[in-house]
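A.B. asks: Starting off with a structure, shown below.
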Amino acid sequence: MNENGVVEAPSVGYVVDVPQHYRLVRKDARREHSIVRLRGGASFGGDELAICAGPCSVESEQQIDAVARAVAAAGANVLRGGAYKPRTSPYSFQGLGADALKMLRDAADVYGLAVVTEVLDPRDVELVASYAEMLQIGTRNMHNVPLLREAGRSRVPVLLKRGRAATIEEWLSAAEYVMLEGNADVVLCERGVRSFDTATRNVLDLAAVPLLRELTHLPAIVDPSHATGMARLVPPMALASIAAGADGFLVEVHPEPARALCDGMQSLDIDQFTAMMSRVGSVATAAGRRMPWRSNVVRGVTAS
Ligand code: PEP
Ligand code: MN
């Protein structure tokens, strides 16, 4: 191109300047697909899947212990549970805060699981990171630049959920904010987007999974619980996610969904989760992936 912007090469018709909203997260910024490893061994993006499971909210020691025990036995390797809940109504249950972080940590340690939990406020990043292997940034905060930056400065792996009305470009740009602070350990989580159709809570954009594979080196998982809002739709969509090439999934599990303080409609009970997990292995094999490795016996609980 000469100084007037005119292309002089005879084989080039015209040049389009593509604005680069994200650079570090682009597929071609790395030679290989990234693997995000959590302390304790769980990883996202390698051959092995990451299976994250647990209640929407941590409600009590007994509740989180029962879920942790069951999901570990069924083959999950990451325990999820909300301590700080970003509820639509300020009158809804807001989570048990720091008490819940302690309960999560204790339960995870007993059953050999890693912890992922949401952080809402940049001022809480350090506290949450002191209890969890992974910080979740939820759909409502995907555009919260100070939170993205603080999570980036923490250098703790980040699970970045897609904004409920975010384009893929906006989502990857949010990931770029985290990476720009020096934290390359970002995992994307497709959790459905809002649409005209309210038949399901959100619309799961499963095509995002293979598309992300073309656009970014970052690992990506799927949350079929928030995507569908309906427990019976969660197992087929979790299996479909793995078939589509997701690096794992995140599902809500509650010992008694009907009594859950948050998101009971979309939560699997323990039997439903266990039944679903017995079907994941064959889909994983077909997709060229492996179930997470777990030590066979975790404090007396035999992993299946
Ligand atoms: C959650 O994981 O409990 C949650 C609130 O998710 P999202 O941000 O996707 O709504
Ligand atoms: Mn939830």
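The values are calculated or read from the model by the stated rules, or taken from the named source; none is laboratory data. A quick note: this is a predicted structure, and the numbers were derived from the prediction, not measured. Note: ideal-geometry Cβ built from the backbone for every residue, glycine included; neighbour counts use all protein chains shown. When the accessible area is computed, the model is the full protein with side chains, heavy atoms only, and any ligands, DNA or RNA have been set aside. Shrake-Rupley method; radii C 1.70, N 1.55, O 1.52, S 1.80 Å.
A.B. asks: Please report, in debye to the nearest 20, how large the charge dipole of the chain is about its Cα centre when each Lys and Arg carries +1 at its beta carbon and each Asp and Glu carries -1 there. Working shown, then result.
C.D. replies: Working: 32 positive and 35 negative charges, 80 e Å.
It comes to approximately 380 debye.
A.B. asks: Let me ask something additional. So what's the angle, to the nearest 10 degrees on a 0 to 90 scale, between helix 168-180 and the longest Cα principal axis of the chain?
C.D. replies: 80 degrees
A.B. asks: Which one of H226, G81, L212 is farthest out on the positive end of the charge dipole of the chain, using unit charges on Cβ (Lys, Arg +1; Asp, Glu -1) and the Cα centre as origin?
C.D. replies: G81
A.B. asks: What does the C-alpha gyration tensor say about the overall shape of the stretch 37-291? Classify as rounded when a/c is under 1.5, otherwise prolate if a/b is larger than b/c, or oblate.
C.D. replies: rounded
A.B. asks: At 222 nm, what value in deg cm²/dmol follows for the chain if DSSP H runs of at least 4 each add -39500 (n - 2.57) and the sum is divided by all its residues, to the nearest 500? Kindly include the intermediate steps, with their values, before the conclusion.
C.D. replies: Numbers: 9 runs with 98 residues, N = 304.
Value at 222 nm, helices only: -9500 deg cm²/dmol.
A.B. asks: List the chymotrypsin sites (Phe, Trp or Tyr not before Pro) within the stretch 135-208 that fall in a DSSP loop (any state other than H, G, I, E or B) and whose Cβ has at most 16 other Cβ atoms within 10 Å.
C.D. replies: F196
A.B. asks: A further question on this structure: Please name which of S60, L148, G288 has its Cα lying farthest along the dipole of the stretch 37-291 towards the positive end, using unit charges on Cβ (Lys, Arg +1; Asp, Glu -1) and the Cα centre as origin.
C.D. replies: G288
A.B. asks: Would you work out what percent of the accessible area of the chain, with all protein chains in place, is carbon or sulfur (probe 1.4 Å)?
C.D. replies: 51 percent
A.B. asks: Let me ask another. According to the square roots a ≥ b ≥ c of the eigenvalues of the Cα gyration tensor, what is the shape class of the stretch 21-122, taking rounded for a/c under 1.5, prolate for a/b larger than b/c otherwise, and oblate for the remainder? Each step should come with its number before you reach the end.
C.D. replies: On the way: a/c = 2.77, a/b = 1.38, b/c = 2.01.
Oblate is the answer for the stretch 21-122, as a/c is 1.5 or above yet b/c matches or exceeds a/b.
A.B. asks: Can you spot the lysines whose alpha carbon is less than 27 Å from K85's alpha carbon? Ignore those fewer than 8 places along the same chain.
C.D. replies: K102, K161
A.B. asks: Turning to a different aspect of this structure: For the stretch 168-304, what is the Kirkwood estimate of the hydrodynamic radius, computed as the reciprocal of the mean inverse distance between distinct Cα atoms, to one decimal in Å? Let's see the in-between values first.
C.D. replies: Numbers: mean 1/r = 0.0615 Å⁻¹.
Result for the stretch 168-304, one decimal place: 16.3 Å.
A.B. asks: If you line up the long axis of helix 145-154 against the longest principal axis of the chain, both from Cα atoms, how many degrees apart are they, to the nearest 10?
C.D. replies: Long axis of 145-154 versus the principal axis of the chain: about 70 degrees.
A.B. asks: Here's something else I'd like to know. Can you tell me the 0 to 90 degree angle between the C-alpha axis of helix 98-111 and the longest principal axis of the chain, rounded to 10?
C.D. replies: With rounding to tens, the tilt is 80 degrees.
A.B. asks: Take every DSSP beta bridge whose two residues both sit in the stretch 144-222, then give the antiparallel share in percent to the nearest 5. Intermediate values should be presented prior to the final figure.
C.D. replies: Working: 1 of 8 bridges.
About 10 percent, rounded to the nearest 5.
A.B. asks: Which residue, D106, D223, D271, tops the fluctuation ranking in a GNM of the chain built on C-alpha contacts under 10 Å?
C.D. replies: Comparing D106, D223, D271 in a Gaussian network model of the chain, the most mobile one is D271.
A.B. asks: Using alpha carbon centroids, what distance separates the stretch 101-125 and the stretch 202-273, in Å?
C.D. replies: Taking the Cα centre of the stretch 202-273 as reference, the centre of the stretch 101-125 is 20 Å away.
A.B. asks: Per the chain: cysteines with no other Cys C-beta under 4.7 angstrom?
C.D. replies: Singleton cysteines: C52, C189.
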